[in-house]
Structures are given as structure tokens and as C-alpha cells.
Ligand code: NDP
Ligand code: GDR
């Protein structure tokens, strides 16, 4: 799925060089979805490579920067602040174009999304607006920015998903057909093809990363891995007695988010833009995840888990297991953290969080029933 249109690329593409092609001392990356799980790991990774990072955040009535607070430096400290935050929204095309013109990034990572599959059945219209049309808005903003400025070296990363494969049987690779099973997945398919189209039509250096599930201690608490590890921590510390879940037979290829952001960056350092599956090539059911997570702290999950129909989806994705041989071969990428190690890392962190909650509960500052 390489671009057939000629691309103008006058600058050095050395992967190690964070030096900016625009004559700046460093590269500048623009990240949408910087406040999410992947945005936080990608920002740490790029800062470590000497990039300046500008993140677009959306307005919220509560602070939504918890995952990046530890790397935030007040912008008044001009010499040290290498991550900056600006307000924008994927539903607001003018904000996207304005920040592209102002920031003049070398790389654009589009990570923003209404990323919860089950929620996408509840708010399908909004999900499509952000995930599908939002991607189109950003691609169009990049295209028109390049056209007006002549900054042809810009590279674009699109956060694609294994959910696009849906009911296509495993192993799923770049050549497997898409058969989406949710409004979220259908919207990601649209975003995927918009990205391919901008590459073919305008010669944009645009890559689709087709990433399988990746998790971490920063994972949102209503995704199944974190929901389980949070519950394990709270049950172990005596703050919770039941865990309500849906389909335990679904199988997923779960990796560590910290590993996966490197693959995003590697895609943009290649000579040609292309699409890549990123996965561990190992799949486990939700039930196996329960065995490992509860077993790690010496508990039997069957004593705590209650099946609740509200967590079943109108259409399910049964079995995802990626074939990431292309990423291995071309990008030289492979995952470092395995399934059990990942689950243990998350449980360890969530036990620490539960311990802190216990202090608050014992002091009367928090109600133990306040479940995530
Ligand atoms: P998260 O849900 O943790 O983060 C999503 C980010 O998008 C948040 O920063 C959120 O802001 C932001 N966002 C949501 N709506 C808008 C909007 N309208 N305008 C601007 N920003 C918005 O997702 P992940 O970090 O887990 O995933 C990153 C991307 O990768 C997503 O596109 C996801 O669909 C995709 N993906 C994720 C996989 C995974 O396993 N994690 C696998 C494959 C693909 P706020 O913090 O304010 O909510
Ligand atoms: P997924 O992740 O849908 O794969 O999307 P999630 O963790 O939500 O579900 C995984 C599987 O677990 C089953 N499940 C439950 N899921 C949730 N959330 N809550 C429950 O109580 C529960 N019980 C069982 C689900 O039915 C499903 O089969 C994630 C997101 O990050 C997407 O944005 C991303 O694109 C894909 O991963 C790859």
C-alpha cells in the first residue's frame, strides 16, 4: 500500500537524528490525544530523542492532564519546557489548521479518538465525527498547510486499530480484509482509507499503524485489562468484593503501550510511508487474564467475578492475534514486555494505588464503595 505519487523529500531521514529538517536545532512533533495512554508514552519517548512536543488537548471541566503532569514544565521556563499544550479539538477544523501553521511540526501523530468500543455503540454519531471525520479534518489541515507553506517534509502517523479486522479470523496481517464490528471500528476503517488516500492522491508521507491492544498502568480504567487489575488491587487490600464483567471468552493480543509507541515513531523514520501491523503475535482470553492477575496475588478469580449482561456488546470481536512480521523485518521492531510481565506490572501498580486509597478510606476522606 505504498504511495504511488512522487514525494518531495529533500531532508535527511536518519532515524537517530532529532535535528529538525526545517533548520531548527531539533524536530518538532505535534500530537493529538496527548493526554491519553499512548500520548503520554509517546511524549516521553520523543522528549528522550530530543524532540520538542506540542500536544493538542481538548477543553474539559476537570483537568485531563493526569498522565502527563509528571513531564510538564511551566512554559514560562522557556529553556526547559519542551512539551507544550494547546487547546484544539478534532471536531474543530480551524483549530487544527491554526496550530499546524503556528507550530510548523515535522511529524504529526494523530492519536485522538473516542477510543472505547462499547461506548461507540452508545454515541455512534460522535464517535464517527471524532474518529473518522476528525482524521479527515486533520489530514486536510496538513495538506492545506503544506500547500500554503511548502513544508513538504511533514510526516503523518494515523492510529489504526486491530478492531478494523473485526470478524476476520486470525492471524491478521496488513493483507487481511477489514470486517469492523462496531461504530468505532467502522470509523477507524474510514480513517485508515482517508490516510491511504491522502498518501496516494497528494504524496503525503502518511502511515497507518494497525496496532493490536496495548495496555499499561496508565490504561483507562474502563478497558478490561485495567478494570481487572484495578479490582485485583482493591480486592487484595480489602476495598472491593466483586468484579462485574461481560464476555470472558474474547481473545486479544495484548502488548505493552511503552513498546508500541516506538513502532509509531519508527514508521515515520523510514524512506517510504507504509502501513504496519504491530502486535505480540500471542493471544489470550479475558479468562486467562483473570487467572494470571488474580493468581499473581494468590486469589481465585471465580470467588469475585460476576457476569453482568450490560458489559456484553451488540456485536463482539472474538479473536485477535496479529502477524507483525512486516514490522519486525522492515522496522526492526519487536515487543519487549510479554503478557504475564505486563499483567504483573499493572497489578503491582494498582496495589500501590489501592494502598493509598485505603489510607484515605481509613481516615474517613473516601468512601470504600467509590469504585472506579
Ligand atoms: P485514550 O482513550 O487513552 O486517549 C484518547 C485521547 O484522545 C485522549 O487524549 C482524549 O482526550 C483525546 N480525545 C478524545 N476525543 C477528542 C477530541 N474530540 N478532540 C481531541 N482529542 C480528543 O486512547 P489510547 O491512548 O489508548 O489510544 C490512542 C489511539 O490509538 C486512539 O486513537 C485509539 O483509538 C488507538 N488505538 C488504541 C489501542 C490500544 O490498545 N490502546 C489499539 C489500537 C488503536 P481526553 O484525555 O480529554 O479524553
Ligand atoms: P477492546 O478493549 O474492545 O479490544 O478495544 P476492551 O478492553 O474494552 O475489551 C476487550 C475485550 O474484553 C471484553 N470484556 C470487557 N471489556 C470491557 N471494557 N469491560 C468489561 O467489563 C468487559 N468484560 C469483557 C470485551 O467484550 C472485549 O472483547 C481496545 C481499545 O483500546 C480500542 O481503542 C483499540 O482500538 C482496541 O483495543 C485495539
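Rundown of residues vs (1) within 20 Å of the chain's Cα centre (by Cα); (2) farther than 20 Å from residue 320 by Cα; (3) modelled with pLDDT under 95, yes/no style:
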site: 221; (1), (2), (3): yes, yes, no
site: 225; (1), (2), (3): yes, no, no
site: 231; (1), (2), (3): no, yes, no
site: 235; (1), (2), (3): no, yes, no
Revision key, fill the gap. Checked segment 101-118 for anything away from ligand 2 (no atom under 16 Å from the Cβ) and within 29 Å of residue 162 (Cβ to Cβ); matches are 105, 106, 107, 108
Study note, to complete from the structure: Of the residues in segment 118-143, those that are surrounded by fewer than 21 Cβ atoms within 10 Å (Cβ to Cβ), in contact with a helix residue (DSSP H, G or I) (Cβ under 6 Å, 6 or more places away or on another chain) and farther than 25 Å from residue 104 by Cβ number 2
Point to revise | Single match in 332, 298, 338 (criterion: over 21 Å from residue 247 (Cα atoms) and free of Cβ contacts under 8 Å to residues at least 24 places away in the same chain) | key: 298
Revision key, fill the gap. Residues of segment 43-80 being more than 9 Å from ligand 1 (Cβ to nearest atom) and not in a loop (DSSP other than H, G, I, E, B), in sequence order, are 43, 44, 45, 46, 47, 48, 52, 53, 54, 69, 70, 71
Check your understanding: Name the pairs: first residue in segment 213-228 and at negative phi, second residue within 6 Å of ligand 2 (Cβ to nearest atom) and assigned to a loop (DSSP other than H, G, I, E, B), Cβ to Cβ under 6 Å, at least 6 apart or on different chains?
Key -> none
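Filter segment 167-199 for residues that are within 16 Å of ligand 1 (Cβ to nearest atom) and over 21 Å from the mean Cα position of the chain (by Cα) and give the result. I'd like the intermediate steps shown before the answer.
Start the filter on segment 167-199 by keeping residues that are within 16 Å of ligand 1 (Cβ to nearest atom), which leaves 168, 170, 172-174, 176, 178, 180-195.
168, 170, 176, listed by residue number.
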Check your understanding: Filtering segment 161-170 down to residues that are assigned to a loop (DSSP other than H, G, I, E, B) and within 15 Å of ligand 2 (Cβ to nearest atom), which residue is nearest to residue 271 (Cα to Cα)?
Key -> 165
Review point. Does segment 200-249 hold any residues that are under 15 Å from residue 308 (Cα atoms), within 8 Å of ligand 2 (Cβ to nearest atom) and assigned to a strand (DSSP E or B), and which are they?
Key: 244, 245
Exercise for review: Answer yes or no as to whether residue 158 is in contact (Cβ under 8 Å) with a residue 12 or more places away in the chain, under 18 Å from the mean Cα position of the chain (by Cα) and either under 23 Å from residue 316 (Cα atoms) or in a loop (DSSP other than H, G, I, E, B) (or both).
Suggested key: no
**Study point:** Selection status of residue 316, surrounded by 13 or more Cβ atoms within 10 Å (Cβ to Cβ) and part of a helix (DSSP H, G or I)
**Key:** no
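Identify all residues within segment 201-218 that are more than 10 Å from ligand 1 (Cβ to nearest atom) and under 23 Å from the mean Cα position of the chain (by Cα); write none if there are none. Give the steps one after another, and end with the answer.
To start, the set of residues in segment 201-218 that are more than 10 Å from ligand 1 (Cβ to nearest atom) comprises 201-208, 217.
204, 205, 206, 207, 208, 217, listed by residue number.
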Exercise for review: Mind listing whichever residues of segment 81-95 are surrounded by 13 or more Cβ atoms within 10 Å (Cβ to Cβ), more than 9 Å from ligand 1 (Cβ to nearest atom), at pLDDT 95 or above and not in a helix (DSSP H, G or I)?
Suggested key: 83, 84, 85, 86
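Evaluate segment 219-238: report whether one residue or more is farther than 20 Å from residue 342 by Cβ and more than 11 Å from ligand 1 (Cβ to nearest atom).
Restricting attention to segment 219-238, the residues satisfying the condition of being farther than 20 Å from residue 342 by Cβ are 237-238.
Next, from what is left, pick out any that are more than 11 Å from ligand 1 (Cβ to nearest atom): 237-238.
Checked against the condition, which is being farther than 20 Å from residue 342 by Cβ and more than 11 Å from ligand 1 (Cβ to nearest atom), segment 219-238 yields at least one hit.
The values are calculated or read from the model by the stated rules, or taken from the named source; none is laboratory data. This one's a predicted model, so the numbers in the text were calculated from it and none came from an experiment. As a convention, Cβ positions derive from the backbone with ideal geometry for all residues, glycine included, and neighbour counts pool all protein chains shown.
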